[in-house]
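Trainee: I have a structure here, written as structure tokens, and I will follow up with some questions on it.
The values are calculated or read from the model by the stated rules, or taken from the named source; none is laboratory data. No experiment lies behind these values; they were computed from the predicted model shown. In this analysis, Cβ positions are derived from the backbone assuming ideal geometry, glycine residues included, and neighbour counts consider all displayed protein chains. Please note that ligands, DNA and RNA were not included when accessible areas were found on the heavy atoms of the full protein model with its side chains. Shrake-Rupley method; radii C 1.70, N 1.55, O 1.52, S 1.80 Å.
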Amino acid sequence: MHNSTHRRQFSKLSLAAVSATVGAALLASAIPASAAPATEPSDSAARAAAVVESATGTADIAASMAAPGTPARAVTATDGAALTVIAPEKADGALQAADDNGSSFGLTLPGAKDVVGVKAGSGTVVYPDAAAATDIAVQPTKDGGARALVTLKDDKAAGTHRFRLNLPQDASITEDGQGGFEITREAGEGIHVPVATIDAPWAKDAHGKSVPTSYKLDGTDLIQTIETGEETAFPVVADPKMTWGIVTGTAYFNKKETKAIANNGALSGVVSGFLPPGLNIYWGAHAAVITTTALKAKNAKKCIKVKFAAGIFIPGQYSGGHCK
């Protein structure tokens, strides 16, 4: 990282999130504490939380309480389900989100030291100086997830951070074409639907100016690179967002199923096994455009993907990933 000596030195921190989405109204509630009273935040923890909350705001931070092994545990109710977010006890632990069926998704924070987390500010869990010139923080959010935030406090902070992903059983991860990733499961033969997403990352400096940042995947390790420069004002906040518990979203069809839709039409039995109850009527209303898109994808040696949003199925084409 190349940085001038005139940069401001006050810290911000931000990384990731788990938030359930696509049309569900979400409410946050706390799980009763059964642990000892939470540690009072130190001055450094309070400052770190203030910096984070100035970047993220506080309106969507979910209520949480301490529980055994965690400084913060929060539950968010969704339609017929509940999502539980658990912040790790230490900076090298794993942030976890789980549904009420026991399925979970998480990531291991990139702390180089086993700094104990403490809740400060309006509910931010902070791990001050978890790595050289770097703070880490976690914020459970009202939309069913949590942000895991990394603050580069000055030009001595590393510009690359590695997060080990803890994927759900039988899940795979695929680029979404927009700088992020989708975690999918097979919902039927040749049909994959997302159960979690990692949004494209963002980063900004102390003045709110965007800082270039990107991901690459190394196995199941997510590596984020933040590119600071001569004009960067520290601290820099980087925030990839992790989303868990998606019920609707985008379904990815492989080449065999794309061909079946193209040849037999979208109303064929190919999709009957993957659609959630109540969505069949919407699928039928868009069958013609879905069939046409599948035919175009087949002819282009690609596959069809279908996104559901606000009562509308939006078909498109893709290659790579599940398109085999």
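Trainee: Would you confirm whether or not segment 182-194 contains a residue that is part of a loop (DSSP other than H, G, I, E, B) and of a type in the set (A, V, I, L, M, F, W, C)?
Mentor: Going residue by residue through segment 182-194, those that are part of a loop (DSSP other than H, G, I, E, B) are 189-190.
In the following step, the residues that additionally are of a type in the set (A, V, I, L, M, F, W, C) were identified as none.
The answer is no, given that none of the residues of segment 182-194 is part of a loop (DSSP other than H, G, I, E, B) and of a type in the set (A, V, I, L, M, F, W, C).
Trainee: Further, regarding this structure: Among what's in segment 299-313 and is touching a strand residue (DSSP E or B) at 6+ places or on another chain (Cβ under 8 Å), open to solvent by 40 Å² or more (accessible area, probe 1.4 Å) and at pLDDT 85 or above, pick the residue that is nearest to Pro194 (Cα to Cα).
Mentor: Pass one, segment 299-313, residues touching a strand residue (DSSP E or B) at 6+ places or on another chain (Cβ under 8 Å): 300, 302-308, 313.
Checking which are open to solvent by 40 Å² or more (accessible area, probe 1.4 Å) leaves us with 300, 302, 305, 307.
Okay, now just the ones that are also at pLDDT 85 or above, so 300, 302, 305.
Numbers: Ala300: 24, Lys302: 19, Lys305: 12 Å.
The qualifying residue nearest to Pro194 (Cα to Cα) is Lys305.
Trainee: Of the residues in segment 143-154, how many are at pLDDT below 90 and either more than 18 Å from Phe105 (Cβ to Cβ) or open to solvent by 10 Å² or more (accessible area, probe 1.4 Å) (or both)?
Mentor: Selection size over segment 143-154: 2.
Trainee: Among (1) modelled with pLDDT of 85 or more; (2) among the hydroxyl-bearing types (Ser, Thr, Tyr); (3) surrounded by fewer than 24 Cβ atoms within 10 Å (Cβ to Cβ), there is one condition Thr258 misses while meeting the rest; what is its number?
Mentor: The failed condition is (3).
Trainee: Give me a count of the residues in segment 116-137 that are closer than 13 Å to Thr70 by Cα and either of a type in the set (Phe, Trp, Tyr) or in contact with a Lys or Arg (Cβ under 7 Å, 6 or more places away or on another chain) (or both).
Mentor: Within segment 116-137, residues that are closer than 13 Å to Thr70 by Cα and either of a type in the set (Phe, Trp, Tyr) or in contact with a Lys or Arg (Cβ under 7 Å, 6 or more places away or on another chain) (or both) number 4.
Trainee: List the number of the failed condition for Ala294; all other conditions in (1) at pLDDT 80 or above; (2) under 29 Å from Val150 (Cα atoms); (3) surrounded by 14 or more Cβ atoms within 10 Å (Cβ to Cβ) hold.
Mentor: (2)
Trainee: Looking at segment 106-137 only, could you name the residues that are of a type in the set (Asp, Glu) and either more than 14 Å from Ala49 (Cα to Cα) or open to solvent by less than 10 Å² (accessible area, probe 1.4 Å) (or both)?
Mentor: The answer is Asp114, Asp135.
Trainee: Here is a check on your reading of the model: is Pro240 crowded, with 22+ Cβ neighbours inside 10 Å and part of a loop (DSSP other than H, G, I, E, B)?
Mentor: On the way: crowded, with 22+ Cβ neighbours inside 10 Å: yes; part of a loop (DSSP other than H, G, I, E, B): yes.
Spelling it out, Pro240 is indeed crowded, with 22+ Cβ neighbours inside 10 Å and part of a loop (DSSP other than H, G, I, E, B).
Trainee: Can you go through Ala59, Ala97, Ala28 and tell me which one is at pLDDT below 50 and within 19 Å of the chain's Cα centre (by Cα)?
Mentor: Ala28
Trainee: A further question follows. How many of the residues making up segment 182-203 are open to solvent by less than 20 Å² (accessible area, probe 1.4 Å) and within 16 Å of Ile304 (Cα to Cα)?
Mentor: Here the count works out to 4.
Trainee: Going through segment 204-223 one residue at a time, which ones are of a type in the set (Lys, Arg) and either open to solvent by less than 30 Å² (accessible area, probe 1.4 Å) or under 16 Å from Leu107 (Cα atoms) (or both)? Walk me through it before giving the result.
Mentor: So in segment 204-223, the residues of a type in the set (Lys, Arg) come out as 204, 209, 216.
Correct list: Lys216 only.
Trainee: Now a separate question. Which of (1) in a strand (DSSP E or B); (2) of a type outside the set (Lys, Arg); (3) open to solvent by less than 40 Å² (accessible area, probe 1.4 Å) is the odd one out, the single condition Pro168 does not satisfy?
Mentor: For Pro168, the exception is condition (1).
Trainee: OK, next. Assess whether Pro140 counts as being in contact (Cβ under 8 Å) with a residue 24 or more places away in the chain and crowded, with 24+ Cβ neighbours inside 10 Å. Explain how you work it out, then say what you get.
Mentor: Values: in contact (Cβ under 8 Å) with a residue 24 or more places away in the chain: yes; crowded, with 24+ Cβ neighbours inside 10 Å: yes.
Answer is yes for this residue.
Trainee: Note down all Cβ pairs under 6 Å where the first residue falls in segment 148-164 and is part of a loop (DSSP other than H, G, I, E, B), the second is open to solvent by less than 40 Å² (accessible area, probe 1.4 Å) and not hydroxyl-bearing (Ser, Thr, Tyr), and they're at least six residues apart or on different chains.
Mentor: Lys153/Ala133; Lys153/Pro235; Asp154/Ala133; Asp154/Phe234; Asp155/Asn3; Lys156/Ala133; Ala157/Ala133; Gly159/Ile226
Trainee: Another one. Which of the residues that make up segment 83-113 are under 18 Å from His161 (Cα atoms), in a strand (DSSP E or B) and out of contact with any Asp or Glu (no Cβ under 8 Å at 6 or more places or on another chain)? First the steps, then the outcome.
Mentor: So the first thing to find is which residues in segment 83-113 are under 18 Å from His161 (Cα atoms), and the list is 88, 90-95, 106-113.
With in a strand (DSSP E or B) added as a condition, the list becomes 90, 94-95, 106-108.
Within segment 83-113, Ala94, Leu95, Gly106, Leu107 qualify.
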